[in-house]
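I have placed the structure first, in the form of C-alpha cells, so that the comments after it can refer back to it.
The values are calculated or read from the model by the stated rules, or taken from the named source; none is laboratory data. Computed from a predicted model, the values in this text were never measured in an experiment. Every residue, glycine among them, receives a Cβ derived from its backbone with ideal geometry; neighbour counts consider all protein chains shown. What goes into the accessible areas is simple: the full protein's heavy atoms, side chains included, and nothing from ligands, DNA or RNA. Shrake-Rupley method; radii C 1.70, N 1.55, O 1.52, S 1.80 Å.
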Amino acid sequence: MATLPAPLARLIQALVKLPGVGEKTATRLAFHLSRTDRSDVDALAAAIAALREELHTCSRCCALAGSDPCEICGDAQRNAAVVCVVEESADLAAIERSGRFTGTYHVLQGTLAPLDGVGPDDLRVTELLRRLEAGMVREVIVATNPTTEGEATALYLARLIKPLGVRVTRIAHGLPMGGDVEYADLATLGQALEGRRDM
Ligand SMILES: [Zn+2]
C-alpha cells in the first residue's frame, strides 16, 4: 500500500470499510474509478453525498425514505389496519417487490441482541406502540428473520402487543433458518405472508 499514490490509498481505505469489500476488491474498485469518466465519478460522489441530505426516516414507520411520511404511509390505498414489522428497510423493499402485501410497515432498525448490548430501547419499539395506541391497527404481522435474534424479537413484541387487543401473527417458516427476509425469493415471501399464524 505504501507504494500507492495517496489519493488511491485514501479511497481504498474508505472502500474497505464497506460490508463485503476486502482489500482486493477495494483496490480493484479504486483503480477502476481512476479510469472512469469524470462525469460518472462525479455522479457517484454526488449520489453518496446526497444520501445524508435527502434520505429521511419516516416518522410513522421508521423506514428510510425520500420523503416524510414515506410513500407507503402517505398512500391512502394502503391498509393502515395491518402493520408488517420488519428488521430493516431492505426487508420492507423485498416484501414490496413480492407485490403480495397491501398493508403498511414498521421498521425496527435491528433485532434484540442482548449479547451485543442491543435492547428494546435501541429498536423503534416505542414508535410502534404509539401507532398501536392510536387504535387504528387490527393486526401486526411480525416478519423478523427466522434467526435466534429475530425469533426472540418476535416473542418480545407479541408479549407487548397482545395485551393491547391487537392480533399478532408471525410469517410462516417458508424461509430457511438463518435466511434473510431480504434475500428470500418473491414466491417464498408471498407464501410466508399468506401462511402466517397467530402468536
Ligand atoms: Zn412510512
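Consider A90 carefully, then state whether it is closer than 27 Å to D121 by Cα, within 10 Å of the ligand (Cβ to nearest atom) and touching a helix residue (DSSP H, G or I) at 6+ places or on another chain (Cβ under 6 Å).
no
Quick one: is G99 more than 19 Å from I161 (Cβ to Cβ) and either within 12 Å of the chain's Cα centre (by Cα) or in contact (Cβ under 8 Å) with a residue 12 or more places away in the chain (or both)?
Against the criterion (more than 19 Å from I161 (Cβ to Cβ) and either within 12 Å of the chain's Cα centre (by Cα) or in contact (Cβ under 8 Å) with a residue 12 or more places away in the chain (or both)), G99 qualifies.
Of all the residues that make up segment 133-164, how many are touching a strand residue (DSSP E or B) at 6+ places or on another chain (Cβ under 7 Å), among the acidic types (D, E) and farther than 21 Å from F101 by Cβ?
Of the residues in that region, 1 qualify.
Of all residues in segment 77-87, which are within 12 Å of the ligand (Cβ to nearest atom) and outside any strand (DSSP E or B)?
R78
Looking at (1) within 15 Å of the chain's Cα centre (by Cα); (2) open to solvent by 60 Å² or more (accessible area, probe 1.4 Å); (3) among the charged types (D, E, K, R), which one does E87 not meet, given that it meets all the others?
Failing condition for E87: (2).
Check R100, R60 and return the single one that is in a loop (DSSP other than H, G, I, E, B) and touching a Gly at 6+ places or on another chain (Cβ under 7 Å).
Residue meeting the stated conditions: R100.
Give the residue that is farthest from A81 (Cα to Cα), with candidates limited to residues of segment 125-172 that are surrounded by fewer than 17 Cβ atoms within 10 Å (Cβ to Cβ) and basic (K, R).
Result: R159.
For L108, indicate whether it is surrounded by 11 or more Cβ atoms within 10 Å (Cβ to Cβ), within 16 Å of the ligand (Cβ to nearest atom) and modelled with pLDDT of 95 or more.
yes
When you go through A63, A46, A30 one by one, which is the residue that is open to solvent by less than 60 Å² (accessible area, probe 1.4 Å) and either under 30 Å from R131 (Cβ atoms) or among the basic types (K, R) (or both)?
Exactly one of A63, A46, A30 is open to solvent by less than 60 Å² (accessible area, probe 1.4 Å) and either under 30 Å from R131 (Cβ atoms) or among the basic types (K, R) (or both), namely A63.
Which residue, of R38, R10, R60, is closer than 21 Å to M136 by Cβ and among the basic types (K, R)?
Going through R38, R10, R60 in turn, just one is closer than 21 Å to M136 by Cβ and among the basic types (K, R): R60.
Give the residues of segment 47-76 that are without any contact (Cβ under 8 Å) to a residue 24 or more places away in the chain, within 11 Å of the ligand (Cβ to nearest atom) and β-branched (V, I, T), sorted by residue number.
Passing the criteria: only T57.
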